[in-house]
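Step one of this worksheet: look at the structure below.
The values are calculated or read from the model by the stated rules, or taken from the named source; none is laboratory data. This one's a predicted model, so the numbers in the text were calculated from it and none came from an experiment. So basically every Cβ, Gly included, is an ideal-geometry build from the backbone, and we count neighbours across all protein chains shown. Protein only, heavy atoms only, side chains kept; ligands, DNA and RNA dropped before computing areas. Shrake-Rupley method; radii C 1.70, N 1.55, O 1.52, S 1.80 Å.
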Amino acid sequence: FPFLPLHSQILCLVIMLFSTNIVAQSQQDNRTNFSCPSDSPPSCETYVTYIAQSPNFLSLTNISNIFDTSPLSIARASNLEPMDDKLVKDQVLLVPVTCGCTGNRSFANISYEINQGDSFYFVATTSYENLTNWRAVMDLNPVLSPNKLPIGIQVVFPLFCKCPSKNQLDKEIKYLITYVWKPGDNVSLVSDKFGASPEDIMSENNYGQNFTAANNLPVLIPVTRLPVLARSPSDGRKGGIRLPVIIGISLGSTLLVLVLAVLLVYVYCLKMKTLNRSASSAETADKLLSGVSGYVSKPTMYETDAIMEATMNLSEQCKIGESVYKA
């Protein structure tokens, strides 16, 4: 723009860059196709992922309120105990939603009550963690100002989702879970987390093998069954539940070791007593044989018990010589 003043040239350049960024953002959104497949059911029950975050969303009750569902349904889908309400930061949850077509795109339309300071962009990026975006919300609520929302009104927030096509159902893919891609994610990590095929993830989302462009955007994870999410190891409540079990196992192991030690000592003492008794009997027999050998040319062998009984245990009353006894 050489014919324009310098400040006008700068303004035009800024507008061009801004427009380019908007187009690029739209292209990023279009990498994952959330249009309604012609061969999919008009609606389906599916799931979106949600990350527990402080300060307002560390309980199932608060999270279920913004999704207009029950805490129990989230607990069941997320491998949690039904009575567990408190969560830990960054705990991954599965939230059940009903997905259907709005226009030519697939959304789960959630009613949200506007609070002080809310805007389309703020709610989309914080409360709903980029499961939707402000442009989709504005398209669905054209009469409302995105940044000047009356407190207390109900606004519909469309969360991106999708129902499996007939071809996917034939491949036994039951759910397309909506997941917001994190900067540290990769295809292998996400496929392991959800028990999904890496090939299916890459096929469903047009990012190739490098999903860097998908950071903080919703993608679809095709799964043949609902994943069993790992419970957070830093959850103090789970540690509290395990503590009595650990103590019980430790005490039981200690008691078992003590009992085994006592049994070993008892068996050892019993064995030594038997050996001593056998040695004493052998010594007595040798004594008798050496004493009688002077009186007979070939001694007659008797059992030791018989000899002891006949001589009343080698009583002095039966003794008739140094080592000779009468029986």
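Rg/Rh for the stretch 40-223: what does it come to with C-alpha atoms and Rh from Kirkwood? Don't jump to the answer; show the numbers that get you there.
Working: Rg = 16.3 Å, Rh = 17.1 Å.
In the stretch 40-223, Rg relative to Rh is 0.95.
Ranking A124, V88, F107 by Cα position along the charge dipole of the stretch 85-131, where only Lys, Arg, Asp and Glu carry charges on their C-beta atoms, puts F107 farthest toward the positive end.
Here the stretch 64-127 is treated as a Stokes sphere of Kirkwood radius computed over C-alpha pairs; at 37 °C and 0.692 mPa s its diffusion coefficient rounds to 238 µm²/s. Just the protein heavy atoms count here, and of the accessible area of the stretch 40-223 at 1.4 Å, carbon and sulfur take up 51 percent. Rounded to 0.05, the FRET efficiency of the T254 and M308 pair, given R0 = 41 Å and the Cβ-Cβ distance, is 0.30. For the stretch 33-137, relative contact order (Cα pairs under 8 Å, six or more residues apart, normalised by length) works out to 31 percent. As a length-normalised measure over Cα pairs under 8 Å and 6 or more apart, the relative contact order of the stretch 40-223 settles at 22 percent. Applying 1/(1 + (r/R0)^6) with r as the Cβ-Cβ distance of D192 and Q53 and R0 = 25 angstrom yields a FRET efficiency of 0.60.
Testing the spin-label approximation: label points 7 Å from Cα along Cα→Cβ at D90 and T102. State their distance in nm. Modelled inter-label distance: 3.2 nm.
Estimated at 0.36 nm per residue, the fully extended path between N216 and S315 surpasses their Cα-Cα distance by 25.4 nm.
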